[in-house]
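Student: I have a structure I would like to understand better, so I am pasting it below and will then ask my questions one at a time.
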Amino acid sequence: MSSISELYDVCWEEMRDKLRKWREENYRNSEQIVDVGEELINEHASKLGDDVWIIYEQVMIAALDCSRDDLAWSCLQELKRQFPDSHRVKRLAGMRLEALERYEDANKLYDSILQDDPTNTAARKRKISILQAQGKSSEAIRELNEYLEQFVGDQEAWHELSELYINEHDYAKAAFCLEELMMTNPHNHLYCEQYAEVKYTQGGLENLELARKYFAQALKLNNRNMRALFGLYMSASHIAASPKVSAKVKKDNVKYAAWATSQISRAYQVRGCLPTSVGLHTIQVTFWPRLMSSNNCSN
Amino acid sequence: MGEVELSCLAYAKMYLHASQFPRCSVNGLLLSSSPAGAAVCITDCVPLLHSHLSLAPITQLALTQVDAWCSQTQQRIVGYYQANACVSDSSPTPCALKIAEKIFEQCNNTVLLMIDGEKMFPSCRVPPIVMYERKDARWALKDKHAIMLRQWEETCSIVNQLFSSGDQTLLVDFDSHLDDITKDWTNQKLNAKIMELISPANGNV
């Protein structure tokens, strides 16, 4: 079987740089990381200098993701040898136990880290991940809320909490989390768009108008966000179809919907591939009106 | 409710969908190109989402688009599948029940299919699926003997071939289509590859 360097005609420096890029941009392409990282470690470890340790960590986590316990174990041994008392390495050992579903042992390890250092956020977050893996969502939510009372600036945690609330159909609380995220990340179109989706799901005229506004905001921040474009079309159409709105509001929303329609058409003409002639006239907004929410426009 | 037959094509794509997003819950729609009758023949499926399954807008959008595509291609939506992120729990979520209810309003032989993640490994001898049907106003487990998976061994081998050739990466779900609208959520290319692998004796089943 040929090596990565042979298959893709790359040198070890390029492989190292690729790993750095994936690390910095937080990619979770674990199979690729294992392929590239394993070869780099086996053939070129001596050339990597101090980078080798962070690469061992990166490859170890990717190996856990791919059920490569052999590789994870050998990376862990190297790290243990180099950093014998490190909490960071202990956490990695804990993650390995999690991957083996030895949750009690993993929790013991994390508890020992927290006894030494109660402010260790990584260990706390791993404990919450264990609750999620065990399907204990309400406990995970409770622990995450407690965590956020102490570490109120942790964006990743706020987002994780919003996901947990969405899964539990607690849309109001999910919206609250997304509001926190939008406040601290006003230029992030994804948070705007997710917030709009939650509002749309909650239903009712007021929420639909909010949804439309935030879909529009997401589009202002990124005009290629297709979810936001479709969302704008759907929320505007729902509002326009509501018997409770004034003629002016109706007219405005018909305009917004028409604008969205033209943008969607253009996007598909320019770079899309529609399976057949599934044009916009087929997006019959009233077809599945009450799918998720118990409210709709006429409440 | 009568028998349910699950085609190799539908099974393979569902399996591939669940495998492509091992950390997420995924869902999709089950389609039939056969006329309505006592037995349900699931001939194809459309993978829908791998994120935010319980949010309305994209689900609504996907349902209307698939529905429109179905009427143009002489197919009907006959069911819904879901694979939960938490593999130890393959019971239908409230979201799965809601969507299945919605489909039931239009099709009284609706199939609710949950993929059992714990049974998804290459040497597993049983199909990793749990089927539910509408009975007495609730969703009940379907009798295993009324579920047909013709040529199960061949189906397994086809799925393995797709993984070894790397063709499993061809699968596109509706979510991925929205991220990049040049991707085809009807999976014409992958469908063709799978049909090639299905032997002539198997036909379209």
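Student: Could you check B:THR182 against (1) under 30 Å from A:PHE230 (Cα atoms); (2) surrounded by 12 or more Cβ atoms within 10 Å (Cβ to Cβ) and say which number it fails?
Tutor: Failing condition for B:THR182: (2).
Student: Over 26 Å from A:TYR191 (Cα atoms), over 14 Å from the mean Cα position of the chain (by Cα) and either away from chain A (no Cβ under 14 Å) or of a type in the set (Gly, Ala, Ser) (or both): does that describe B:MET148? Even if it seems obvious, please write down each step before you answer.
Tutor: Working: over 26 Å from A:TYR191 (Cα atoms): yes; over 14 Å from the mean Cα position of the chain (by Cα): yes; either away from chain A (no Cβ under 14 Å) or of a type in the set (Gly, Ala, Ser) (or both): yes.
So B:MET148 passes the test.
Student: Among (1) buried (at least 20 other Cβ atoms within 10 Å of the Cβ); (2) of a type outside the set (Val, Ile, Thr); (3) not in a helix (DSSP H, G or I), where does A:LEU64 come up short?
Tutor: (3)
Student: Same structure, new question: Name the single residue that is farthest from B:THR43 (Cα to Cα) among those in region B:162-190 being facing another protein chain (nearest Cβ under 9 Å), within 18 Å of the chain's Cα centre (by Cα) and in a loop (DSSP other than H, G, I, E, B).
Tutor: Once the filter is applied, the top-ranked residue is B:ASP184.
Student: Further, regarding this structure: Could you list, in sequence order, the residues of region A:221-248 that are without any contact (Cβ under 8 Å) to a residue 12 or more places away in the chain and assigned to a helix (DSSP H, G or I)?
Tutor: A:ALA247, A:LYS248
Student: What's the total number of residues in region B:108-133 that are outside any strand (DSSP E or B) and either away from chain A (no Cβ under 14 Å) or within 16 Å of the chain's Cα centre (by Cα) (or both)?
Tutor: So the answer is 13.
Student: Follow-up question, since we're still on this one. Quick one: how many residues across region A:103-159 are at negative phi and in contact with a Cys (Cβ under 6 Å, 6 or more places away or on another chain)?
Tutor: Of the residues in region A:103-159, 1 are at negative phi and in contact with a Cys (Cβ under 6 Å, 6 or more places away or on another chain).
So that you can scan it fast, the table gives a plain yes or no per residue for (1) outside any loop (DSSP other than H, G, I, E, B); (2) surrounded by fewer than 20 Cβ atoms within 10 Å (Cβ to Cβ):
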residue: A:GLN115; (1), (2): yes, yes
residue: A:ARG124; (1), (2): yes, no
residue: A:VAL152; (1), (2): no, yes
residue: A:LEU161; (1), (2): yes, no
residue: A:GLU179; (1), (2): yes, yes
residue: A:TYR195; (1), (2): yes, no
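Student: Can you tell me how many residues within region A:1-17 are charged (D, E, K, R) and within 11 Å of A:ILE55 (Cβ to Cβ)?
Tutor: Within region A:1-17, residues that are charged (D, E, K, R) and within 11 Å of A:ILE55 (Cβ to Cβ) number 1.
Student: Turning to a different aspect of this structure: Out of (1) at positive phi; (2) buried (at least 19 other Cβ atoms within 10 Å of the Cβ), the odd one out for B:ASP173 is which?
Tutor: Status for B:ASP173: all satisfied but (1).
Student: Another one. List the strands (runs of 3 or more DSSP E) inside region B:1-95, counting only whole elements, that have at least 3 residues being touching a Phe, Trp or Tyr at 6+ places or on another chain (Cβ under 8 Å) and more than 10 Å from chain A (Cβ to nearest Cβ).
Tutor: B:26-32, B:44-49
Student: Then there's this: Of the numbered conditions (1) in a helix (DSSP H, G or I); (2) surrounded by 13 or more Cβ atoms within 10 Å (Cβ to Cβ); (3) out of contact with any Gly (no Cβ under 8 Å at 6 or more places or on another chain), A:SER46 fails exactly one; give the number of that condition.
Tutor: Single failed check for A:SER46: (2).
Student: Of everything in region A:14-41 that's under 16 Å from A:CYS66 (Cβ atoms) and among the acidic types (Asp, Glu), which residue is farthest from the chain's Cα centre (by Cα)?
Tutor: A:GLU39
Student: Name every residue in region B:157-170 that is surrounded by 14 or more Cβ atoms within 10 Å (Cβ to Cβ) and touching a Lys or Arg at 6+ places or on another chain (Cβ under 9 Å), in order of residue number.
Tutor: Passing the criteria: B:LEU162, B:ASP167, B:LEU170.
Student: Which count do you get for residues in region A:192-245 that are more than 10 Å from chain B (Cβ to nearest Cβ) and among the basic types (Lys, Arg)?
Tutor: 4
Student: State the number of residues belonging to region A:201-216 that are buried (at least 19 other Cβ atoms within 10 Å of the Cβ) and closer than 18 Å to A:LEU181 by Cα.
Tutor: 5
Student: Going by the structure shown, is A:SER74 at pLDDT 95 or above and hydroxyl-bearing (Ser, Thr, Tyr)? It would help to see each step written out before you state the result.
Tutor: Numbers: at pLDDT 95 or above: yes; hydroxyl-bearing (Ser, Thr, Tyr): yes.
So A:SER74 passes the test.
Student: Does region B:1-14 hold any residues that are buried (at least 22 other Cβ atoms within 10 Å of the Cβ) and either more than 16 Å from B:LEU197 (Cα to Cα) or touching a Pro at 6+ places or on another chain (Cβ under 8 Å) (or both), and which are they?
Tutor: B:VAL4, B:LEU6, B:TYR11, B:LYS13, B:MET14
Student: Then there is this: What number of residues within region B:165-181 satisfy the criterion of being touching a strand residue (DSSP E or B) at 6+ places or on another chain (Cβ under 9 Å) and charged (D, E, K, R)?
Tutor: 2
The values are calculated or read from the model by the stated rules, or taken from the named source; none is laboratory data. Note that the structure is a prediction, hence the values are computed from the model and not measured. Because the Cβ atoms are built from the backbone with ideal geometry, glycine has one as well, and the counts that use them run over all protein chains shown.
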